[in-house]
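Where a number appears in this text, it was derived from the coordinates with a stated rule and is not lab data. Note that the structure is a prediction, hence the values are computed from the model and not measured. Quick reminder, even Gly has a Cβ in these numbers, built from the backbone with ideal geometry, and neighbours come from all protein chains shown.
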């Protein structure tokens with residue numbers, strides 16, 4: 001075995017800023033690494049969550065040599081190998097944007113990540129929290145109502161995370177200011193994440209989280225353990241950046257629409273306005289939340305406009 005092979009080991013990227021990556025290795029160390037130049041020439045970007053091989057060179061520097069095949073990768077949040085996506089939405093300040101939530105649920109469905117909806121700031125607007133819960137319960141998603149202020153729902157969510165994400169990588173994602181970092185601090189006080197206030201002028205959050213960072217939930221750090229990630233908030237999220245997504249894929253990204261579409265009168269029903277559409281009937285009967293169908297229509301039209309020549313079904 002060569003000296004290089006002796007100094008090479010597997011690891012997982014925890015974060016990456018300015019071309020430097022924090023990697024946890026199989027022996028439990030955290031190394032600061034650069035990516036080999038071959039990644040740049042191949043137009044490959046290492047992401048937090050990537051499983052990699054790293055080499056400690058004789059001059060003391062560490063480099064990422066290779067990236068193992070990914071389960072998935074998201075452009076926003078920029079991350080790889082997401083097993084669970086905890087979509088976080090506030091009852092107020094900022095007001096919930098259902099189209100943003102639904103684009104995130106669609107991305108999770110497309111990439112095979114299990115989705116949970118977390119409602120924050122329930123103390124500010126309890127009625128809105130229940131409204132959000134009802135919308136996404138109808139969609140088949142698990143929903144937690146929480147408040148970092150009065151600790152509502154925190155212990156239940158903590159129990160769920162500890163039991164359901166063992167050996168998995170879970171990401172918190174949502175708009176700026178919804179309280180992701182505050183909630184994570186309530187769940188895991190040892191994290192001591194920086195939190196911010198919502199602007200009183202525009203009622204939007206400040207970007208206190210600057211980069212995706214994975215935190216180990218294990219007593220002993222290992223690339224194969226359980227991880228929880230905080231991600232920077234955002235204002236706009238688009239599905240049109242997914243290269244091969246087509247308008248025909250969209251119905252399959254809404255579990256409740258996919259369920260009712262099986263009985264539509266026409267095989268190629270778009271579920272937008274056709275007579276005999278069982279999806280529209282389900283919306284009228286309250287079996288599908290109207291907010292979800294409105295998001296479906298917007299997303300369908302956006303992808304149709306952005307990818308007019310992609311018409312075959314690529315996922316469903």
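Points to keep in mind about this one:
- Relative contact order for the chain, counting Cα pairs under 8 Å that sit 6 or more residues apart, in percent: 16 percent
- Highest average first, the peptides 44-53, 158-167 ordered by how many other beta carbon atoms sit within 10 Å of their residues are 44-53, 158-167.
- Principal-axis tilt of helix 98-111 within the chain, Cα atoms, nearest 10 degrees: 60 degrees
- Listed peptides 64-70, 246-252, 133-139 by packing density, highest first (mean Cβ within 10 Å): 246-252, 133-139, 64-70
- Largest GNM mean-square fluctuation among 42, 28, 140, using the chain with Cα springs under 10 Å: 42.
- When you restrict to C-alpha pairs under 8 Å that are six or more residues apart and normalise by the size of the range 73-230, the relative contact order lands at 24 percent.
- Within the listed set 238, 72, 59, the residue fluctuating most in the Gaussian network model of the chain (springs between alpha-carbon atoms under 10 angstrom) is 59.
- The residues 116, 279, when put in order of fewest to most other Cβ atoms within 10 Å, stand as 116, 279.
- Note on the chain: with a GNM built from Cα contacts shorter than 10 Å, the maximum mean-square fluctuation among 79, 129, 35 falls on 35.
- Rounded to whole Å, the principal axis extents of the Cα atoms in the range 73-113 read 31, 16, 15, largest first.
- Simple label model, 7 Å out from Cα along Cβ direction - residue 7 to residue 287, nm: 6.4 nm
- Counting only DSSP beta bridges whose two residues both lie in the range 1-160, roughly 65 percent are antiparallel.
- Summarised in one figure, the compactness ratio Rg/Rh of the range 3-67, Cα atoms and Kirkwood Rh, is 0.93.
- A straight line joining the Cα centroids of the range 255-316 and the range 42-75 runs 39 Å.
- Shape parameters for the range 226-316, alpha-carbon atoms, Rg then Dmax in Å: 14.8, 48
- With R₀ set to 22 Å, the beta-carbon distance separating residue 149 from residue 127 gives a calculated FRET efficiency near 0.85.
- When both bridge partners sit in the chain, DSSP labels roughly 55% of those beta bridges antiparallel.
- Ellipticity estimate at 222 nm from DSSP helix runs (n ≥ 4, -39,500 (n - 2.57)) divided over the chain, nearest 500: -8000 deg cm²/dmol
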